[in-house]
Structures are given as structure tokens and as C-alpha cells.
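Comments concern the structure below.
The values are calculated or read from the model by the stated rules, or taken from the named source; none is laboratory data. Predicted, not measured: the structure shown is a model, and the values here were computed from it. Ideal geometry is used to build each Cβ from the backbone, glycine not excepted, and the neighbour counts take in all protein chains shown.
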Amino acid sequence: MKVELSNAQVKEMRQICALALLFLLYACSSSKSGMGKESSNLTTQSPDGSLTVQFRIAEDGKQALYTVSKNDTLVLEPSRLGLLLEDADFSQGLLLESVSGVEPVQDTYEILTAKRKKNTYNANRRTYHLTNTAGGKMDVIFQVSNDGVAFRYYFPGSSSELKKVSQELTSFNFGEQAKAWIQPMSDAKSGWAKTNPSYEEYYMKGIAVGTPSPTKAGWVYPALFQTGNNWVLITESAPEGTYSGTRLQQNAPAGEYTIGFPQAVEHLPGGALNPESTLPWYTPWRILAVGSLKTIVESTLGTDLAKPAVAMDMSFIKPGIAAWSWPILKDDSTVYHVQKRFIDFTADMNWEYTLIDAGWDVMIGYDKIKELTDYAATKGVGILLWYNSNGTWNEAPQTPLHLMVTHESRMKEFKRIHDMGVKGVKIDFFGGDGQSVMQYYTDILKDAAANELLVNFHGTTLPRGLQRTYPNLMTVEAIKGFEFITFEQVNANEAPAHDATIPFVRNVFDPMDFTPMSLHVIPGIDRKTTVGHELALTVVFQSGIQHLSETDQGMKHVPDYVKDYLRQVPVVWDDTRFVTGFPGELAVLARRAGDHWYVAGVNGENTEKTVSLDLAFLGQKKGKLITDDNEKGGFRNAAVDLAGNSTQQVTLKPHGGFVMVF
């Protein structure tokens, strides 16, 4: 008798069989490792028991494997662990020598450039001590929290000789029914002036897992996956000069994504490309936030797993909003009289900074910059200056050039501008994800901190939590941001869905210098987002310094109540909550600063939507709503009262948005 099964039935049977097989293998592995018949020492659970990581050594090839389950539902199928060094193989032939007990991990920290100022991390840690056939030792350390899983490798011992990793076998194996929201990694030395990779491609949304990347370089972090009712967001912690930045490889056969290293040209001249270090050696954390979309968006794992802040004087670290002439007015605006006008604009809006962009050294000069800095100080405004990171790794011609390349030239330049009263630097056009480039970032941050300068990296890699370790790192681009909308209409057409995707991926863990908000006219471009959508981005997007793209002239066309809102909207947040949404379609977030809550949402689709927002966490509050008027291009405002009803209905225009302040 032939029985036809539905796809759902096949999926369910496959999952049951996989779990049963794993249980049997774990029991066998535990027994053969000389640790008794209990398999509990091969699992690590989250403090609330909802997440479970199971570890085993496969008898076939003795490869280390792991799975992740959420509430007994398999989220990651058997996935590989291991590294291949030039002089040692930890990818196969492994023996489980011993397993640690479960160790509780707790950490508390404060950070000004994230979704939540005060954070507490609680997890359970278990370490698996492995040996290879040559007797070499490697540990795999798992930490499981209520919102996700992190693991890394550790090579014990002591060695002055550099150990070099040639391949990392780590994989993330999803069932073939899963979907992905992932961004292709641009191939190195491609794009304008050979400045790629800069993490500036669009996310492919809801694609089948296993779909090859359109580029050989693979896929960037963070990478978002939906598997059944669960979501997984994958990223890593900052390598800080002891490892390269990594990505997911181009091909993922049957949904198994493997970590890949940078392409051959992604290094500084004479510097390391792939990971190398003396012993002992910890690799960066591999981080997986796991759960609902609410869990993903509210997770702080990207900073929880980052190294604690280095010792520095924190008194100069002041997040804020910056005015910036270049997005709308471009290169011709980098002249003295326009920048003085923008300083006045900044002061009138009660913002903290004015950014003076590329070419200032030629078009304004140091002496006049000093005049502008002094003038800005009388207005309570700080000046930020743009620099080119370049040595020889790309062909970007903008000046100042070559001043960032060595420690000596950086320190000389940083002291000079600090003594002029400059508050921070924006450094652009980096060279990829090789280990030497990663070291370059930390070297710049250390030298900038020594001169009390804030830092914004552009044309760059993902920060991977580096802003916790170096609190003077205010923000990082690593996104196809607003400037691309000003370049081509195709980018303006994509903007609504792009904006509604970013809160679920790129901006979950790390500050993002998208440079949002156009409320009037973009020369030569038909903007597809509404003014309500644009205004909402000031809350939906998080950045330590939020560079807003609207000009003083454009601001003359908006109502006073919008200006008043922009004069007081914060960038340091005490809390962040996910309210509702779906990647690419809708994103509604709530953020708290002090005793004020800001609730904002953007519609990624070209259809009107009425959404019911559960705002019970706010309590019985009164507030105000700013959203789109019925007339194209206009605002309207209204009172909001949650007394007696914690659910608030809001209608979003096609590609529209709103902000509520309580």
C-alpha cells in the first residue's frame, strides 16, 4: 500500500527521527567517553530551561557536532565544529577528554551606544575538552542564555610561535524548509574606487536556505533565519586583532552555512589575512540569538559577549545628534560659509554636533577649521571631521589622505585637531575583514581615545560589539544608507522595505550610521517614503551619534511641532521593546529615555495598514502622535490617551510611518 505524506507530515517525521537519533548517539558518545551513561553532561541549557545545546563526537570521522533546540523543537540540525591549523587538525579524529560542570555566568555593564544603557547577562557555561590524534588540545566553550547561544574555541598552553588557522569548519545547519534574510558580501576590490567590501548591499528577503550568494564572498553578519516558529540571528564578537572577521560562505548545501574567511586581498600591506596568534588563544564568539522576533530584536548578545570596556577617561564620550550638509548638498557644501550656517542650524535645533565632510583640508583649511571650531564652541556645538583611512588598499581620492595609516601620523594629527577643539572623527574607506584590518580598527580607537576623540567608521566592516570595548566608538556605517538614495532612483524605490528590514538584522546589536531623515526634497530623486516614515527613523534606527540628513533649508518646510520633537529626541536609550512587525514589511519599536517612551514604526509596503499596538508596558499614559497627513508630504499630530485601554490603533500610509511620545 502506497501512503502519500504531506510536506508538513514529512517535516514532522524528519524532526522526530533526528531528535531520536541524536538522543541515542549522545548516550553512546557519553558512555564511550568514559563518563557514564548519563547524557546530561553533553547538554547545556539556558537558565530558564527553554534553550538546549547538545554536543557529541560523531563516530564516523570523530567530528565534533552540536544542535540547538528551543522548547524541545530542533532549531539547528547537527552542525559542525572544528578548526584546521597549518600544523594541527582539529576538524576530525577528535576525542572528548573531559567535560566541565555547568558554570553560571553573570555580567552587568553600561553602554551609551546600544539599545539599552544598563544590561545584565545571565548564562550557563560548559566546556568540552578535546584532543586530536596528535595529542593537541582544543576546548569548545558554550554559553547558553535565555535569548541565545554563544560558543568559541580555546587553545590552551603557551607558545611564542604563531599558530595559523587555514580553515574554520563551524557550520549552522538549518532544515531545508527554513528561510533567510541575508545580505550578500560584496567581492573585495569591486565597486567605486575598489572600496568594497563595505557591507552595503541589500538584504535578500525570505529566500530559501541554501540559495547561493550572488557573490563569491558569501554573506555578511548579522544573518537572520526563520525555521518553523523560531528565528535565529547569527553574528560574531569582534576579533580585535587576534582573528580575521568572518562571514558565511557563498554556498550552503541543503541549508548548512559554513564560516568563511576574507578574500585574498583583504589585508593591509604586509599584514595578516587569516587568523594567527600565539598561545593561549581564544577565538571570537559565534553568537546565535534564538527565539521569537521579539527575542531577536530585544537581545543584547552582541554586546553581552564583547570584551568589557578598556580603561579610559569617559568624560569626553557624549552621544548626540549631528547636522551634516553633504547628503543633500554634496561636495560643494564643504566650504566655510556653508559650514558656519550649519553650525547655526545645529545650535537652533539643540543638537550636539556638526560634521564637516571630505575635502575640508583643501576647501576650508586648518586655520579656518579652527575658526569654525571656536565659533561652534560659543554655540555649544562640537565639530566632527572626516578622514580617509587610505594607504594603498583602494583608490578613493578624497582628502585628508594617509594620515591614519601609522600610529605616529595618527597621534600627531589627533593631537593637532584635539588642541583645535575638534570632538571627533569620521574615518572612511577601509580595506576588508583580514586580521590586519581588524587590528587597524582597534589601533585607531586606542589612539583616538588617548586624544579624547569620538570615532565614526564608514566604508567599513560590522563593529561586532567593538563599541562596548572601546566606548569612544559612537557609530559605524556598514549599511546601504541614505547617501545611496541620493545617488539613484532605484535605491529610493527600495528604501521603504530596506528600512523595515534593518531593525531585524544590521541594527539589532550594533549602532548604525544610516544617516536617516529627509523631510523635504532630495535633488533629482522621487522619494518613496513619507515624511512620517522618515521622522520615525530617528527612533527606529539606533546610533550613538545620529547624523540627520535634512538641511536647514529643508527644515523650514516642516511644522514647529516636528522641529520641537527633533530638538529633544534622544540617542541614549534606557530600554528598547519590540512592539510588532515582520522583516521588510513593518517595524514598530518602543524606546525609553528616562521617563519618556518613544514608540515609532515604519511601513515597508505600498499598502495602507491599520495596526493594533499592545502598549500595556507603558501603563496609563498620555502622549502625542506625529504621523502622515492625508495630503501627500504633510504631517499631522494628535493626542494619545492610554487610560482604560492599553491597545492603540495606528493607521500607516503606504510606505508611511509614525512617532508617539509618552
Output the residues belonging to region 107-142 that are closer than 28 Å to Val310 by Cα, of a type in the set (S, T, N, Q) and out of contact with any Phe, Trp or Tyr (no Cβ under 7 Å at 6 or more places or on another chain).
-> Thr108, Thr113, Thr120, Asn122, Asn124, Thr127
Among helices (runs of 4 or more DSSP H) entirely within region 490-571, at least 3 residues that are farther than 30 Å from Ile234 by Cα occur in 552-555, 560-568
Considering each of Phe635, Phe582, Phe658 in turn, give the residue that is touching a Ser or Thr at 6+ places or on another chain (Cβ under 6 Å), in contact (Cβ under 8 Å) with a residue 40 or more places away in the chain and under 21 Å from Lys528 (Cβ atoms).
-> Phe658
Close pairs from region 459-477: first among the acidic types (Asp, Glu), partner not in a loop (DSSP other than H, G, I, E, B), Cβ under 7 Å, at least 6 apart = Glu477/Phe457
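So that you can scan it fast, the table gives a plain yes or no per residue for (1) of a type in the set (A, V, I, L, M, F, W, C); (2) assigned by TED's automatic domain parsing to the domain that holds Lys115:
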| site | (1), (2) |
| --- | --- |
| Pro280 | no, yes |
| Pro284 | no, yes |
| Ser292 | no, yes |
| Ile321 | yes, no |
| Glu371 | no, no |
Taking into account only those residues within region 364-411 that are touching a Lys or Arg at 6+ places or on another chain (Cβ under 9 Å) and of a type in the set (D, E, K, R), which is farthest from Asp332 (Cα to Cα)?
-> Glu395
Of the residues that make up region 375-392, is at least one among the hydrophobic types (A, V, I, L, M, F, W, C), closer than 30 Å to Trp285 by Cβ and either touching a Leu at 6+ places or on another chain (Cβ under 7 Å) or at pLDDT 95 or above (or both)?
-> no
Give me a count of the residues in region 513-532 that are touching a residue at least 40 places away in the same chain (Cβ under 8 Å) and aromatic (Phe, Trp, Tyr).
-> 0
Restricting the search to region 581-620, which residues are in a loop (DSSP other than H, G, I, E, B) and either within 17 Å of Val540 (Cα to Cα) or charged (D, E, K, R) (or both)?
-> Pro583, Gly584, Glu585, Asp595, Gly604, Glu605, Glu608, Leu615
Name every residue in region 231-259 that is at pLDDT 95 or above, surrounded by fewer than 20 Cβ atoms within 10 Å (Cβ to Cβ) and either out of contact with any strand residue (DSSP E or B) (no Cβ under 9 Å at 6 or more places or on another chain) or not polar (S, T, N, Q) (or both), in order of residue number.
-> Pro253, Ala254
Applying the selection to region 571-623, what residues are in contact with a helix residue (DSSP H, G or I) (Cβ under 8 Å, 6 or more places away or on another chain) and of a type in the set (D, E, K, R)?
-> Arg577, Glu585, Arg591, Glu605
List every residue pair whose Cβ atoms sit under 7 Å apart, with the two residues 6 or more apart in sequence or on different chains, where the first one lies in region 156-168 and is over 29 Å from Leu248 (Cα atoms) and the second, anywhere, is part of a strand (DSSP E or B) and among the charged types (D, E, K, R).
-> Gly157/Lys137
Leu74 being in the same structural domain as Ala238 (by TED's automatic domain parsing), assigned to a strand (DSSP E or B) and touching a Gly at 6+ places or on another chain (Cβ under 9 Å) | yes
